[in-house]
Number of protein chains: 2
Amino acid sequence: MSSERMIYLPLGGAGEIGMNAYVYGYGKPGKERLILVDLGVAFPDMDTTPGVDLILPDIQWLKERKNQLEAVFITHAHEDHVGAVAQYYDQLGAPVYARAFTANIARQKMAEFGHSEKAVTIVAPWPEVVVAGPFKVGFVPISHSIPESSGLVIDCPHGRLVHSGDFKVDLEPGVGEPFDAGLWKEISASGVKALMCDSTNVFSPLKGRSESGVGPEIEKLVAGCKGMFIATTFASNVARVKTLAEAGKRAGRSVCLMGRAMQRMVEAAIETGVLKGFPNTVSPEDATGIPRESLMLIVTGSQGERRAASAQLANGKYRGITLKEGDTFLFSSKTIPGNERGVIRIVNQFSEMGVDVVDDSSGLYHVSGHANRPDLDLMHELIKPQVVIPMHGEHRHLREHVKLADSNGLQSVLAVNGMMVDLSGNKPKVAAYIETGRTYLDGSSKIGALDGVVRDRIRMALNGHVMINVILDEDDEPLGEPWCEIKGLAETGNSRAPLVDVLEEDLSQYLGRANAKTIKDDDKLEEGLRQVARKSAMTEIGKKPEVSVIISRLSA
Amino acid sequence: MSSERMIYLPLGGAGEIGMNAYVYGYGKPGKERLILVDLGVAFPDMDTTPGVDLILPDIQWLKERKNQLEAVFITHAHEDHVGAVAQYYDQLGAPVYARAFTANIARQKMAEFGHSEKAVTIVAPWPEVVVAGPFKVGFVPISHSIPESSGLVIDCPHGRLVHSGDFKVDLEPGVGEPFDAGLWKEISASGVKALMCDSTNVFSPLKGRSESGVGPEIEKLVAGCKGMFIATTFASNVARVKTLAEAGKRAGRSVCLMGRAMQRMVEAAIETGVLKGFPNTVSPEDATGIPRESLMLIVTGSQGERRAASAQLANGKYRGITLKEGDTFLFSSKTIPGNERGVIRIVNQFSEMGVDVVDDSSGLYHVSGHANRPDLDLMHELIKPQVVIPMHGEHRHLREHVKLADSNGLQSVLAVNGMMVDLSGNKPKVAAYIETGRTYLDGSSKIGALDGVVRDRIRMALNGHVMINVILDEDDEPLGEPWCEIKGLAETGNSRAPLVDVLEEDLSQYLGRANAKTIKDDDKLEEGLRQVARKSAMTEIGKKPEVSVIISRLSA
C-alpha cells in the first residue's frame, strides 16, 4: 500500500493567461484530499471563439472527485481568478474562502446565481489560516493591481508550499498592502517545498515600477488640459482609479465615474474598507451640467470593449456627454495582446472628434501589476524553494521562467494544464496527465470547445452558408425544383445570373439524373446535393460554402 | 467660365494604413486630366471581414472618369501600393508606370490576369520624367524597406507637388539608394506647392535607425546558436533578407529560402539588378540533408499568417524539416497591430518544441521602414512646401502629422479619403466630398463593404443559424410539421431536450394557431416563424440566432 503524496495539478492558467484553476492534493494516490486555488475565466475573441460569452476551465476531473474537494481559495478578485466561481459552485459544492474585498466581488457573482452569501467565507490575512482537510492555508498580502491580492501559504504534512498568486514588488502600491520582503523571508525560513509563481512578465527585463510613480505624471497631464479630461483604466485597479480621481480633484475638477464596473469596484472597495479618502464624485446626470474644463470622467473600456463607456463615448453622445476638440482622453492602461484593433478603432474615432488621445507609449501613465524578471529573481531568492513551478502564463512564459529558475540555481518543472506533479520527494515527478480543456459559456449553455459548434460558426463566417430544400413525394419523385437560400454569399457571380438561380438549376439537373438508390437514401442524396452546390458555387463565386440540406419526404 | 485648377483626392490610404490610391488632377473643374498614384490593397481580419480575401479601394469615381485618366504611377512594390493594379487594370484602362523592380512585381500580377507585360512601363529615376497630359512625373529614389521606392515629383502648370511615397531617412539602406537630402533640397529649391507625406510613424519620437545597424546584431545572435537558425522577415524587405543571409554565411551556415514570396522577391531583385552579391542558397530539398548547426532558414510568415512557412514549421514538419530543442527562431520584424494573436500562437508552438524564440522587443533585430517624427521634421524642412498634406495613416496619424506641420510653421490640411482638395490658390480649400469606400474581393467576386454579405457572416458567427422549412399544400394547410436544422448552436438547452425538437414543437404550435391571413402571406408567415424561433432559442439557450425560413407551397 502506497503512502501519502502531495500533488499539484493545474486545470487552467498554465499554458494561457486566463482561467486560472490550480489543484493541490494530499493523501494516498487516488484518494488525495484536494483544494482548488482560483477558478477564473478567459475571454473569447472573434478569431477562435466567435459568439462565445466566456471561456471556463473544464473541471470534469474535479467534478468526478467532488467528495475529495475540501475548499476553494480565491487569491484576488480579477475575473481570470474569480470569474467562474459562481458558475461552478453547484457542481463543486465546496466552501469558498477569500479576503474581504475578493469575497465582496465573489458574493455578487454568487447572488447572480441565487447562492447565499454564506457560500463565501471571509478570511483574515496571515497568520490566520483556514484548515481544509490535511491543508492549512493562509492568505499573505501581496501587491498587485487590485486590492487585497494574496499569495497563499499552503501547509500539509509533507511540508510548505507557496502559491504566489498574481503579484508585483511594489513598496508603495497606493491602495492595499505593500510587498513585504521580510514577511516572505520569515514564512520561508523553515523551508519551502515548492513555489508556484506568476510568470506573466518574465520577458520584461527591467525592475517593475511602483504605482506611486504614476500619480505625479497624470497630475501634470490633467493640469495641461483645457477641455474635458477623460481617463480609462481597469475598473478593478482601484489604486489607479483613486490616483486619477485625486489628480482630477487637485486640478479643481469634479470627478465622475462612468461604467457599471467602475462604480461597482469603487463601491466594493469602500464597503470593505480597503479604499479610504476617495474624492467625492458627481453622478453622470450632474456631470452634464458642469463646464467641460472643470470635469474629469473616469470610464470603463480600456481594452476598447464595444459596450463599455469609452467605446460609447467614441461613438457619440453617452449619458448626455459628447467629447470634442480640446478634450483629452488618457489610456492609463496597456492594451492586452489581441485587443489592439478595438483600441485603435476608438482612438481613431476620438481623433475624428478632435480629441487628443494619450496612451502609455511614453511609459509615464501606467505600470504593470506583475513581477518583472528582476522581481521574480527577488521572489526566488526570498522563498528559496526546493522547486519553482511557473504558472500564470502561456507556454512561452512558463518556459522562460523555467530558464530563469535554472539560472538562479533552482530546480523547476514546466507543468502545463493537465500535468499532475508529485511534489513528495526531493525531486518533483510527473504523476499523471489529466485531460483538460475549455468549456464555453454560450448564452446560457455550456458547450465543449471541441463540440464543433464554434467550428461551424467559424466556417459559416469564412465560407458563407447555402441552404437547400428538397421535397420528395410518396413515390420518391421530387415535388417541384430544389429550393436554395444563401446567407453571407455574393448574390451574383461570374455568369451574372443570381447565384441562387444557378445553384437551383444545377441541383435540379442533379436530381433529374440521380438514380433511385441515391434518391431513396437521405445521406447519399444529401451528400450529392452538397457536392453539386459546392462545385457550382466554386465556379460562380470562387468559394466553397457551408451547405445544409433539408430533405422532406411526404408520406401518404 | 472657370479657370484650371489643381486637385488632390485620396481614394484610399488617408484614414487607414493600407489600400493606397491617390488621385491628382489638373484642368477646368469637372474636366481635370487625372493621374493616379498607387493602387493597393488592405488585408481582411476575422473581426470585421471574415472570409474576405482582399480589400480594395472603391474606385467607382475614377471608373466614371476613365477617359480623363492619363496614367497610374506606382511608388513601390508593397501590396498596399501595388496590390490592386492588376485587379483594376481592365476597368481603368490607363498605362501603368513604375521603376524596374516595382514593374517586375506589377507585371507578375498583370500576368495572373492575362495582361501583357506592356501594361507596365519601366521608368528610369529622376531626372527622367513621364509626360501624362498636363503632368510631368518623376521618380525620385527614396529609402524605404523595399528596393527602388520612390517619391514622386509631380509638375503641372500650377506648380510642383511632391508625393513622398513611403519613406525613411536611411543613409545606409543596404540594398537600394540612400536618402539623398541634397537632391530633395535641389528639387524643392524653386518652390513646392504641396508635400503629400507618409504619416505612419508620426508617433515615434526618436530619429529612425538605419538598416545597417541590424546586421552586426543578427550576426552575434547567429554565432551564439547551437542548433538550426531560422529567421523570418517581410519577403519584400530584400535588404533584410540579404543581411540575414550574409549573417548565416559568415557563421558558416548554408542558407535556404523558404516560402514562395521569399523566393519570388529575391528573384525579382536579382533579375532587375537591384540585388547583387546575394549568398548562394540551397533548396529546401537539399536543406534536409544538412546538419542543423550548419543550416539557416529564411522563411515567410513574420505576421503569423496561417499558411506561411513559419506557421507550417510551428505546426510540425514542413518540407522535410522539423524544428527542435536548441534551435533559434528570429522574428526580424515587428508585429503589425491586429496580428498579435497569430504571432503569439506560433511563438507558443515553438516554445512547446523547445525552440528559443527571439523577437524585436530588444529593438536590436529590426528597424522600421517609415520616417519617425524627427525624420518628418527633416522632410518638411528640406521641401519647405506651401502646404503639408499628411497621407498613409489612420485618422490619428494624419491628425498628429497636421499638428507636427503646424509646429513647423507650415500650413496643412487633414484630407481623408474622399475629400477633394483644391491646391490652386495660396490656401488649399476643400472642393468636394466624393463617396469612397471599400470593395471586398471574396473568392472570385467583388462585393461592396455595405452589401450586407459580410454583415450576415458576422451575425452567423456570433449568433449561430437556425433554418426552418415549412411546406404548405394547395389549401394552405401545413404538410407535416415544420422542420428545423441548426448550425453553430448548442444541441441542447435548459430543458435538456434537443434544441431542434423544442424549436419544432414551438413552431408547430405557432403554425396551428396562425390565422389564414398570415398563412397565405409569405412575408408575414416568415416573420412569425422567425420571431417564434428566436424567442424559443432565447429561452432554451440564451441566444437569439439568425433565422432563415424556407416556405414551400405545393401547387396542384
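The values are calculated or read from the model by the stated rules, or taken from the named source; none is laboratory data. Predicted model, so just to flag it, every value in this text is computed and none were measured. Cβ placement follows ideal geometry from the backbone for every residue including glycine, while neighbour counts extend to all protein chains displayed. These accessible areas exclude ligands, DNA and RNA; they are computed on the full protein's heavy atoms, side chains included. Shrake-Rupley method; radii C 1.70, N 1.55, O 1.52, S 1.80 Å.
Of B:SER444, B:SER495, which residue is touching an Asp or Glu at 6+ places or on another chain (Cβ under 9 Å) and in the same structural domain as B:GLY418 (by TED's automatic domain parsing)? Please lay out each step first, then the result.
On the way: B:SER495 fails: in the same structural domain as B:GLY418 (by TED's automatic domain parsing).
The match here is B:SER444.
Checking the structure you have, find out if any residue of segment A:297-306 is more than 22 Å from the chain's Cα centre (by Cα), crowded, with 18+ Cβ neighbours inside 10 Å and more than 30 Å from A:ALA124 (Cα to Cα). Can you show your working first?
Taking segment A:297-306 first, the residues more than 22 Å from the chain's Cα centre (by Cα) are A:297-298.
In the following step, the residues that additionally are crowded, with 18+ Cβ neighbours inside 10 Å were identified as A:297-298.
Remaining after also requiring more than 30 Å from A:ALA124 (Cα to Cα): A:297-298.
Yes, that holds for at least one residue.
Determine which single condition B:ALA537 fails, assuming it passes every other condition in (1) touching a helix residue (DSSP H, G or I) at 6+ places or on another chain (Cβ under 6 Å); (2) within 10 Å of another protein chain (Cβ to nearest Cβ); (3) open to solvent by less than 60 Å² (accessible area, probe 1.4 Å); (4) of a type outside the set (Asp, Glu).
Going through the list (1) touching a helix residue (DSSP H, G or I) at 6+ places or on another chain (Cβ under 6 Å); (2) within 10 Å of another protein chain (Cβ to nearest Cβ); (3) open to solvent by less than 60 Å² (accessible area, probe 1.4 Å); (4) of a type outside the set (Asp, Glu), B:ALA537 breaks only (1).
Kindly establish whether A:VAL175 is open to solvent by 10 Å² or more (accessible area, probe 1.4 Å), of a type outside the set (S, T, N, Q), farther than 28 Å from A:HIS395 by Cβ and free of Cβ contacts under 8 Å to residues at least 12 places away in the same chain.
Working: open to solvent by 10 Å² or more (accessible area, probe 1.4 Å): yes; of a type outside the set (S, T, N, Q): yes; farther than 28 Å from A:HIS395 by Cβ: yes; free of Cβ contacts under 8 Å to residues at least 12 places away in the same chain: no.
Answer is no for this residue.
Pairs under 8 Å by beta carbon, first residue assigned by TED's automatic domain parsing to the domain that holds A:HIS392 and in a strand (DSSP E or B) in segment A:404-431, partner of a type in the set (Ser, Thr, Tyr) and open to solvent by less than 60 Å² (accessible area, probe 1.4 Å), six or more apart or different chains?
A:MET420/A:TYR8; A:VAL421/A:TYR8
Looking at (1) assigned to a loop (DSSP other than H, G, I, E, B); (2) in contact with a Gly (Cβ under 8 Å, 6 or more places away or on another chain); (3) closer than 30 Å to A:LEU404 by Cα; (4) away from chain B (no Cβ under 14 Å), which is the one condition that is false for A:HIS366?
(2)
Given (1) in contact with a Leu (Cβ under 8 Å, 6 or more places away or on another chain); (2) away from chain A (no Cβ under 14 Å); (3) open to solvent by less than 20 Å² (accessible area, probe 1.4 Å), where does B:ALA77 come up short, assuming only one miss?
In the conditions (1) in contact with a Leu (Cβ under 8 Å, 6 or more places away or on another chain); (2) away from chain A (no Cβ under 14 Å); (3) open to solvent by less than 20 Å² (accessible area, probe 1.4 Å), B:ALA77 misses (1) alone.
Among the residues of segment A:494-507, what is the count of those that are within 14 Å of chain B (Cβ to nearest Cβ) and farther than 19 Å from A:MET460 by Cα? Spell out the reasoning first.
Filtering segment A:494-507 down to residues within 14 Å of chain B (Cβ to nearest Cβ) leaves A:494-500, A:502-504, A:507.
Now drop any that are not farther than 19 Å from A:MET460 by Cα, which leaves A:494-498, A:502, A:504, A:507.
The number of residues fulfilling the criteria is 8.
Looking at the structure I just gave you, is A:GLU527 in contact with a strand residue (DSSP E or B) (Cβ under 6 Å, 6 or more places away or on another chain), assigned to a helix (DSSP H, G or I) and either among the aromatic types (Phe, Trp, Tyr) or away from chain B (no Cβ under 11 Å) (or both)?
Working: in contact with a strand residue (DSSP E or B) (Cβ under 6 Å, 6 or more places away or on another chain): no; assigned to a helix (DSSP H, G or I): yes; either among the aromatic types (Phe, Trp, Tyr) or away from chain B (no Cβ under 11 Å) (or both): yes.
When the stated conditions are applied, A:GLU527 does not pass them.
Looking at (1) under 30 Å from A:ILE59 (Cα atoms); (2) away from chain B (no Cβ under 14 Å), which is the one condition that is false for A:ASN515?
Of the numbered conditions (1) under 30 Å from A:ILE59 (Cα atoms); (2) away from chain B (no Cβ under 14 Å), the odd one out for A:ASN515 is (1).
Out of segment A:195-233, which residues are among the hydrophobic types (A, V, I, L, M, F, W, C) and either outside any helix (DSSP H, G or I) or without any contact (Cβ under 8 Å) to a residue 12 or more places away in the chain (or both)? Give the derivation first.
Quick first cut of segment A:195-233, residues among the hydrophobic types (A, V, I, L, M, F, W, C) only: A:195-197, A:202-203, A:206, A:214, A:218, A:221-223, A:225, A:228-231.
Answer for segment A:195-233, where residues must be among the hydrophobic types (A, V, I, L, M, F, W, C) and either outside any helix (DSSP H, G or I) or without any contact (Cβ under 8 Å) to a residue 12 or more places away in the chain (or both): A:LEU195, A:MET196, A:CYS197, A:VAL202, A:PHE203, A:LEU206, A:CYS225, A:MET228, A:PHE229, A:ILE230, A:ALA231.
Can you tell me which condition B:LEU450 does not meet? The list is (1) under 25 Å from the mean Cα position of the chain (by Cα); (2) open to solvent by less than 50 Å² (accessible area, probe 1.4 Å), and all the others hold.
Failing condition for B:LEU450: (2).
For B:PRO50, only one of the following conditions fails: (1) touching a helix residue (DSSP H, G or I) at 6+ places or on another chain (Cβ under 9 Å); (2) open to solvent by 10 Å² or more (accessible area, probe 1.4 Å); (3) within 14 Å of another protein chain (Cβ to nearest Cβ). What is its number?
Just one mismatch for B:PRO50, condition (2).
Only one of B:ILE471, B:ILE458 is at the interface with another protein chain (Cβ under 8 Å from one of its Cβ atoms) and out of contact with any helix residue (DSSP H, G or I) (no Cβ under 7 Å at 6 or more places or on another chain). Can you tell me which?
Details: B:ILE458 fails: out of contact with any helix residue (DSSP H, G or I) (no Cβ under 7 Å at 6 or more places or on another chain).
Only one candidate qualifies: B:ILE471.
Can you name every residue in segment A:4-37 that is in a loop (DSSP other than H, G, I, E, B) and without any contact (Cβ under 8 Å) to a residue 60 or more places away in the chain?
Residues of segment A:4-37 in a loop (DSSP other than H, G, I, E, B): A:4, A:13, A:17-20, A:28-32.
Correct list: A:LYS28, A:GLY30, A:LYS31, A:GLU32.
Name the residue, out of B:MET258, B:MET262, that is open to solvent by less than 10 Å² (accessible area, probe 1.4 Å) and in contact with a Leu (Cβ under 7 Å, 6 or more places away or on another chain).
On the way: B:MET262 fails: in contact with a Leu (Cβ under 7 Å, 6 or more places away or on another chain).
Every option except B:MET258 fails the conditions.
Looking at segment B:417-426, is at least one residue under 21 Å from the mean Cα position of the chain (by Cα), of a type in the set (S, T, N, Q) and within 14 Å of chain A (Cβ to nearest Cβ)? Outline the logic, then answer.
So in segment B:417-426, the residues under 21 Å from the mean Cα position of the chain (by Cα) come out as B:417-418.
Narrowing further to those that are of a type in the set (S, T, N, Q): B:417.
Retained after the next criterion (residues that are within 14 Å of chain A (Cβ to nearest Cβ)): B:417.
Within segment B:417-426, one or more residues are under 21 Å from the mean Cα position of the chain (by Cα), of a type in the set (S, T, N, Q) and within 14 Å of chain A (Cβ to nearest Cβ).
Would you check if there is a residue in segment B:217-230 being in contact with a Phe, Trp or Tyr (Cβ under 9 Å, 6 or more places away or on another chain), in the same structural domain as B:PRO141 (by TED's automatic domain parsing) and modelled with pLDDT of 95 or more?
The answer is no; no qualifying residue exists.
Looking at segment B:371-386 only, could you name the residues that are of a type outside the set (Asp, Glu), surrounded by fewer than 24 Cβ atoms within 10 Å (Cβ to Cβ) and touching a Lys or Arg at 6+ places or on another chain (Cβ under 7 Å)?
The answer is B:ASN372, B:PRO374, B:LEU382, B:GLN386.
Answer yes if at least one residue in segment B:509-522 is buried (at least 21 other Cβ atoms within 10 Å of the Cβ) and not assigned by TED's automatic domain parsing to the domain that holds B:PRO10, and no otherwise. Can you show your working first?
Of all residues in segment B:509-522, those buried (at least 21 other Cβ atoms within 10 Å of the Cβ) come to none.
So far as segment B:509-522 goes, no, none of its residues is buried (at least 21 other Cβ atoms within 10 Å of the Cβ) and not assigned by TED's automatic domain parsing to the domain that holds B:PRO10.
Starting from residues that are over 17 Å from B:ASP170 (Cβ atoms) and basic (Lys, Arg), keep the ones in segment B:186-221 and report whichever is most open to solvent (accessible area, probe 1.4 Å).
Ranking the qualifying residues of segment B:186-221, first place goes to B:LYS220.
Output yes when any residue across segment B:164-174 is more than 21 Å from B:ARG240 (Cα to Cα), in the same structural domain as B:ALA103 (by TED's automatic domain parsing) and within 28 Å of the chain's Cα centre (by Cα), and no when none is.
Yes.
Does A:ALA119 meet the test of being buried (at least 19 other Cβ atoms within 10 Å of the Cβ), free of Cβ contacts under 8 Å to residues at least 60 places away in the same chain and small (Gly, Ala, Ser)?
Values: buried (at least 19 other Cβ atoms within 10 Å of the Cβ): yes; free of Cβ contacts under 8 Å to residues at least 60 places away in the same chain: yes; small (Gly, Ala, Ser): yes.
Yes.
Run A:LEU489 past the list (1) more than 8 Å from chain B (Cβ to nearest Cβ); (2) hydrophobic (A, V, I, L, M, F, W, C); (3) crowded, with 22+ Cβ neighbours inside 10 Å; (4) touching a Gly at 6+ places or on another chain (Cβ under 6 Å) and report the number of the one that doesn't hold.
The failed condition is (1).
How many residues are part of a loop (DSSP other than H, G, I, E, B) and either touching a strand residue (DSSP E or B) at 6+ places or on another chain (Cβ under 7 Å) or not assigned by TED's automatic domain parsing to the domain that holds B:GLY393 (or both) if we restrict to segment B:65-82? If you could, list the steps in order and put the result at the bottom.
Filtering segment B:65-82 down to residues part of a loop (DSSP other than H, G, I, E, B) leaves B:65, B:74-78.
The next check asks that each one be either touching a strand residue (DSSP E or B) at 6+ places or on another chain (Cβ under 7 Å) or not assigned by TED's automatic domain parsing to the domain that holds B:GLY393 (or both); those that pass are B:65, B:74-76.
Count: 4.
How many of the residues making up segment A:390-416 are within 12 Å of chain B (Cβ to nearest Cβ) and more than 28 Å from A:ILE336 (Cβ to Cβ)?
Within segment A:390-416, residues that are within 12 Å of chain B (Cβ to nearest Cβ) and more than 28 Å from A:ILE336 (Cβ to Cβ) number 0.
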